[in-house]
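Below you'll find the structure, written out as structure tokens, and then a few comments.
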Amino acid sequence: MTIVLHHHPFSRASTVVWMLEEIGVPYEVRFVDIMKGAHKAPELVALNPMGKLPILVDGDVVVTESAAIGLYLADRYSLGKLAPATDDPARGTYLRWSCFAPSVIEPGAMAKAASWTFKSSQAGWGDHEAMLHAMESALAGRDFVLGERFSMADVIFGGTIRFMLRFKMLEARPVFSAYAERLGARPALQRAEARNGAIAKEHGVQMG
Ligand SMILES: N[C@@H](CCC(=O)N[C@@H](CS)C(=O)NCC(=O)O)C(=O)O
């Protein structure tokens, strides 16, 4: 049974295309016109009550939340390769930075951009400078979060960094830019960008 990705090229679903290309399993992309509100159709809200993309359907399994989709795909189809095996000590670091992206970087960057007022001791994403320092420490002296070994954590953590650098939501510290450049050289990412671009062209959508 083919994996189905409910997708729009200018959404986080574009990163899921990169995940699927890294994994190398067959998949079908179904375009959902976010600009026309098609993601709020009852059949999609039944899959994701948040009314958001991406949504991945693999047989009877429905996965939403980009980071969860990456972790699911790597465990299911690439355990011991793109996901460290469950008894591999590298799994701790792998999960740590995979979860850091949605739980710290995403809200932390939004808090900064929107000038939210909050107590850093009470907010899970903490202090902005501490967040940047933690991200730098994850990459210092390493090509990827697991060292020389690329993993799905780099698609999740690194994909968030690439996206935020692109939209100037993150300070372009040299370690982040160099990492983004390394990721940009990956053939799977280049295939994903070509596929996302072709879908955008086919449906006549532009970044709004
Ligand atoms: N936490 C979710 C965020 C999903 C999300 O915000 N998706 C956006 C596109 S990137 C969306 O569907 N926005 C349309 C809407 O909320 O109406 C994830 O990581 O997948």
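The values are calculated or read from the model by the stated rules, or taken from the named source; none is laboratory data. For clarity, every value in this text was computed on a predicted model and none was experimentally measured. Here the Cβ is made from the backbone with ideal geometry for all residues, glycine too, and neighbour counts use every protein chain on show. These accessible areas exclude ligands, DNA and RNA; they are computed on the full protein's heavy atoms, side chains included. Shrake-Rupley method; radii C 1.70, N 1.55, O 1.52, S 1.80 Å.
Calculate for the chain the 222 nm mean residue ellipticity that helices alone would give, adding -39,500 (n - 2.57) per DSSP H run of length 4 or more and normalising by residue count, nearest 500 deg cm²/dmol.
Details: 9 runs with 95 residues, N = 208.
-13500 deg cm²/dmol, from helical runs alone.
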When the Karplus curve 6.51 cos²θ - 1.76 cosθ + 1.60 is applied with θ = phi - 60°, which whole-Hz ³J(HN,Hα) does each residue of the stretch 191-202 get, with x for Gly and Pro? 5, 4, 5, 5, 5, 4, x, 5, 5, 4, 5, 4
Provide the per-residue ³J(HN,Hα) series for the stretch 28-45, in order, calculated from phi with Karplus coefficients 6.51, -1.76, 1.60 and θ = phi - 60°, each as a whole number of Hz, with x at glycine and proline positions. 10, 9, 10, 5, 10, 7, 4, 4, 9, x, 5, 6, 9, 4, x, 5, 7, 5
Area of residue 23 that stays accessible when all protein chains are in place (1.4 Å probe, Å², to 10): 30
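Computed over the Cα atoms of the chain, what is the ratio Rg over Rh, Rh following Kirkwood? Don't jump to the answer; show the numbers that get you there.
On the way: Rg = 17.0 Å, Rh = 17.8 Å.
Here Rg/Rh amounts to 0.96.
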Among 151, 14, 137, determine the one that fluctuates most according to a GNM of the chain built with springs between C-alpha atoms less than 10 Å apart. 137
Area of residue 106 that stays accessible when all protein chains are in place (1.4 Å probe, Å², to 10): 60
Aspartates and glutamates with Cα under 19 Å of residue 40, excluding same-chain neighbours fewer than 8 positions away: 65
Put +1 on the Cβ of each Lys and Arg and -1 on the Cβ of each Asp and Glu in the stretch 105-208; which of 111, 198, 145 then has its Cα farthest toward the positive end of the dipole? 198
Which residues' amide hydrogens lie under 5 Å from the amide hydrogen of residue 150, considering only partners 5 or more residues apart or on another chain, with H built in the peptide plane? none
List the aspartates and glutamates whose Cα lies under 15 Å from the Cα of residue 168, skipping any in the same chain that are fewer than 8 positions away. 106
Placing unit charges on C-beta atoms (Lys and Arg positive, Asp and Glu negative, everything else neutral), compute the dipole magnitude of the chain about its Cα centre in debye, rounded to 20. 420
Cut-off under 5 Å, modelled amide H: who pairs with residue 3 long-range: 28
